[in-house]
1. Cross-link list A:43/B:79; A:100/B:22; A:43/B:46; A:43/B:97: which exceed 27 angstrom alpha carbon to alpha carbon?
2. Under the definition of Cα pairs under 8 Å and six or more residues apart, what whole-number percent is the relative contact order of the stretch B:42-132?
3. Peptide A:104-113: average number of partner chain Cβ atoms within 10 Å per residue?
4. Would you tell me the mean number of C-beta atoms belonging to other protein chains that fall within 10 Å of each C-beta in A:41-49, as a whole number?
5. How shielded is B:106-118 by partner chains, expressed as the average number of their Cβ atoms within 10 Å of its Cβ atoms?
6. So what's the gap between the Cα centers of the stretch A:50-88 and the stretch A:105-127, to the nearest angstrom?
7. Can you tell me the order of B:70-83, A:125-138 when each peptide is scored by its average per-residue count of other Cβ atoms within 10 angstrom, highest first?
8. Can you list residues whose amide H is under 5 Å from residue B:16's amide H, if they're 5+ apart or on another chain and H is modeled 1.01 Å from N?
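We did not get these values from a lab; they are worked out from the coordinates using the rules stated. Model, not experiment: these values are computed from the prediction. Positions of Cβ are generated from backbone atoms using ideal geometry, with glycine treated the same way; all protein chains shown enter the neighbour counts.
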Amino acid sequence: MPPDPPWKNSRALPISLLLIVLASVLIWTLRTYQPSTTAWYPKCVFYQATGFHCPGCGGTRAIGALAVGNLPLAIRNNPMLILGVPAMLLLVGLQRRREKAGRLTSPRLAWTLFLILVLYFIARNVPSPTRSWLAPPAAVKADYRDAPFADGDASRLD
Amino acid sequence: MFCRHCGSENPSGATLCMQCGKSLATNPYQTATRGNFGGNATMGSKPKNYLVESILVTFCCCLPLGIAGIVFAAQVDSKWNAGDQAGAIESANNAKKFTLIGFGIGLILNLLIFGLQIVAVIGAAANQGGNF
């Protein structure tokens, strides 16, 4: 007997509908109010408390840039979130698949991801949080919808 | 498994031959598969290590707790591969704990700051002429 298709699962349909609605609301909000020019978006607690960029800093601006189709700016804001996290999720998913198939898996993947994130965390604040190449660029006041890059603006809103 | 010395059959997992009394685990490859990795087959499946959740907490909640969660997730894999079932379960519980605490603290702090920022924006608008 074949397994039930996903829509037979009573919870799958409402959950996917909810996720689609939430994602649509999020994308609409990010497109309408660009995070780099809007004050009320939640700011990184770690950055506000310490002045150092965490691995997720610039994430809202990155997703916001992605929502308006500006991939270079999204990558500039948080390269690890835009490029690294999808790759990490893919690798972990493939490893889980191998484990389910009964194959031996190596602990190397998890330790490598840990090392990459710690190095990224450090690199975003070296030589300083404002001058690091991997830090998100200073927030700009103008609408950057047409600008490929938003760095070069020395004035910081945060 | 069959004894390498006398060839008689023994139950799997036995360490000494029931016929000749010699060690069944002298072959290093056999030790590795039976003693350590082979344990996975008899001990059930690896506990959930919360690696994906830890990575997401690290990025979404801006807290070092997510990184601690990744360390415990990696420990789960390491200990499981070394045959340390109890240690793997302990690390899995720690990974779950740190990920959940990180998610909770991150959510509360972010909502708090979000609320404060809304208040600040409304206050600023009210100060600039009160046409909010």
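1. Listed pairs above 27 Å: A:43/B:79; A:100/B:22; A:43/B:46.
2. 29 percent.
3. 6
4. Values: counts 3, 10, 6, 6, 10, 6, 1, 3, 2.
Mean shielding by partner chains, rounded to a whole number: 5.
5. Taking the mean over all residues of the peptide, I get 3.
6. 17
7. Values: B:70-83: 22.2, A:125-138: 15.5.
The most tightly packed comes first, giving B:70-83, A:125-138.
8. The list, which skips near neighbours in sequence, is B:24.
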